[in-house]
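Okay, handing you the structure first.
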Amino acid sequence: MNDKIPVTQVEVPVPPRKTIESVDLYQSRKKIYVKEITGLFQKFRTVSLCLLMGAYFLVCWISVDGQQWVHFDLPNRQFHIMGTTFWPQDFVLLAWLLIICAFGLFFITTLFGRVWCGYTCPQTVWTFIFMWLEERIEGSRNQRMKLDQTPMNKEKLTKKSLKHLSWFLVAFATGLTFVGYFYPIRDLVPDFFTFNIDSGWAYFWIMFFTVATYLNAGWMREQVCLYMCPYARFQSVMFDRDTMVVSYDFHRGEPRGSRKRKEDPKSVGLGDCIDCNMCVQVCPTGIDIRDGLQYECIGCALCVDACDSVMEKMNYPLGLISYTTENNLEGRESKILRPRTIGYALALLGIMTAFAVKLSMRSEIQVDVIRDRGGLFQTNAKGYIENSYTLQIMNMSNDSREFHVSVSGPESIRIIGKTQVSLAPSELLSLPTVVEINPDKMTERNYDINFRVESAANPDIAAESESRFLGPGPAR
Ligand code: SF4
Ligand code: SF4
């Protein structure tokens, strides 16, 4: 039997093709043309930026008693800050200070969102100045857009050259001033223009900061905030429903749409947003705050000013975009005192107290003792046992001071020779010192001894250092 199985055509189901999406890892920058706006928050910003810029450019020119008020003197390892000289030994204070700044930032961010970014961050400050110059030279937003689209001509070349020259001058002043905090500015400026600076590093750093400022504030602008700043990425973990952030009142604004000025929005089924796009045009990071809170938002509140000016023209209540909290937007009450803010405030207070205590206990004198390696001990003409040391005494204050040197240890211990020294401000003195002990009083082969150096005028200004006194052992 030839049982043939009939072959039938079976349709094999074809699995649906997967859609493959490709994502370009490099996103080319779309130039943002920021519209200039005036308003309450813009005034705050102007005041804060002027104060900060003024401080940056002027503080290095202040001198007290011939000493630059803020001067980081790296070659001599001294840091003169507001009349006090700090040394590398004081770096622990710097660590405390950085911790205070970090907690201060967390505390402020929890309460007021990204006010640091919007009002005080150097990137914001310098970008603001560069934008201001751009607006003065190239004109308003529309004029700048038009200028960029026109082919190169005499007018465009002149405006672009003037803009870049002005940017470069501000950047150069920034670089020169920055280096002026490390190289006395009153010497740096004339030395720079007469090519008298000894170190090529000073020229290098001036040019480095000039180029960095020009690129960051002139070209990269919001790119620094969006892609380079780590703070933008983690700030949201400090936010809660009671943090003040720039927000759009969705319930009030939607549905958005254009309407006649006198028309009642409710009668045409619209909310208060007239969809004029002003809030987007003034935003330095180019976002639309109506899409909700975004990490790109630096909290500058320019959109608040822009929207308020529109609301005013429309005769609507202000505050469609405002500094508010999520709870307020949802009609609930906001609290300032909450576990998170109390925690940060307590931590900040504790660290600041510890810093103040550490600062008040900071010694203005330092002493190190080096035992001479020449011999263990020697016997002098009186038959006493002698050990030799070198005391390294540093006057860490800004005043000349007389110091008294003493030693304590077993009975009869005393210093032979000089016990009064005078040190100029910041002077380091190496003082050879011989100490003797009557061998009849020695009950041990060696002793711990303690050197003390104290100010002749104020014994509270003192420092101590330990060493060893070696001898032949108890007399038999
Ligand atoms: S959305 Fe508003 S607050 Fe945020 S960066 Fe833009 S203009 Fe500033
Ligand atoms: S500025 Fe105000 S009214 Fe204009 S689009 Fe933005 S939110 Fe709407």
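Given the residues SER322, SER363, which is the only one that is more than 29 Å from GLY83 (Cα to Cα) and in contact (Cβ under 8 Å) with a residue 40 or more places away in the chain?
So the residue among SER322, SER363 that is more than 29 Å from GLY83 (Cα to Cα) and in contact (Cβ under 8 Å) with a residue 40 or more places away in the chain is SER322.
Quick one: in the stretch 55-69, which of the residues that are at pLDDT below 95 and under 23 Å from the mean Cα position of the chain (by Cα) is surrounded by the most Cβ atoms within 10 Å (Cβ to Cβ)?
Taking the candidates together, the pick is GLN68.
Also, quick follow-up: For the stretch 337-346, give me each residue that is surrounded by fewer than 11 Cβ atoms within 10 Å (Cβ to Cβ) and of a type in the set (Val, Ile, Thr).
none
Shifting gears a bit: LEU391 - would you say it is closer than 19 Å to ALA462 by Cα and either more than 46 Å from the chain's Cα centre (by Cα) or touching a residue at least 40 places away in the same chain (Cβ under 8 Å) (or both)?
Here the answer is yes, as LEU391 does meet what is asked.
Might you let me know whether the stretch 256-263 holds any residue that is more than 16 Å from ligand 1 (Cβ to nearest atom) and part of a helix (DSSP H, G or I)?
No, the stretch 256-263 contains no residue that is more than 16 Å from ligand 1 (Cβ to nearest atom) and part of a helix (DSSP H, G or I).
Read through the list (1) at pLDDT 95 or above; (2) in a helix (DSSP H, G or I), then give the number of the only condition that CYS273 fails.
CYS273 satisfies all of (1) at pLDDT 95 or above; (2) in a helix (DSSP H, G or I) except (2).
Give the stretch 189-226 a look and list any residue that's assigned to a helix (DSSP H, G or I) and touching an Asp or Glu at 6+ places or on another chain (Cβ under 9 Å), or say none.
Result: ASP191, ALA202, GLY218, GLU222, CYS225, LEU226.
Looking only at the stretch 267-319, count how many residues are without any contact (Cβ under 8 Å) to a residue 12 or more places away in the chain, more than 7 Å from ligand 1 (Cβ to nearest atom) and under 28 Å from the mean Cα position of the chain (by Cα).
1
On to the next question. Can you go through VAL224, VAL237 and tell me which one is at pLDDT below 95, away from ligand 2 (no atom under 13 Å from the Cβ), closer than 29 Å to SER140 by Cβ and β-branched (Val, Ile, Thr)?
Criteria check complete, one pass: VAL224.
I'd like the full set of residues that are over 27 Å from LEU105 (Cβ atoms) and either small (Gly, Ala, Ser) or assigned to a loop (DSSP other than H, G, I, E, B) (or both), limited to the stretch 299-318.
The answer is ALA306, SER309, ASN315, TYR316, PRO317, LEU318.
Quick one: which residue in ARG136, ARG186, ARG144 is assigned to a helix (DSSP H, G or I) and in contact with an Asp or Glu (Cβ under 6 Å, 6 or more places away or on another chain)?
Residue meeting the stated conditions: ARG144.
Of the residues that make up the stretch 360-374, is at least one exposed (fewer than 15 other Cβ atoms within 10 Å of the Cβ) and over 30 Å from PRO459 (Cα atoms)?
Checked against the condition, which is being exposed (fewer than 15 other Cβ atoms within 10 Å of the Cβ) and over 30 Å from PRO459 (Cα atoms), the stretch 360-374 yields at least one hit.
All but one of (1) small (Gly, Ala, Ser); (2) under 14 Å from MET311 (Cα atoms); (3) away from ligand 1 (no atom under 16 Å from the Cβ) hold for GLY253; which doesn't?
Result: GLY253 passes all but (3).
The values are calculated or read from the model by the stated rules, or taken from the named source; none is laboratory data. Note that the structure is predicted; figures quoted are calculated from it, not measured. In this analysis, Cβ positions are derived from the backbone assuming ideal geometry, glycine residues included, and neighbour counts consider all displayed protein chains.
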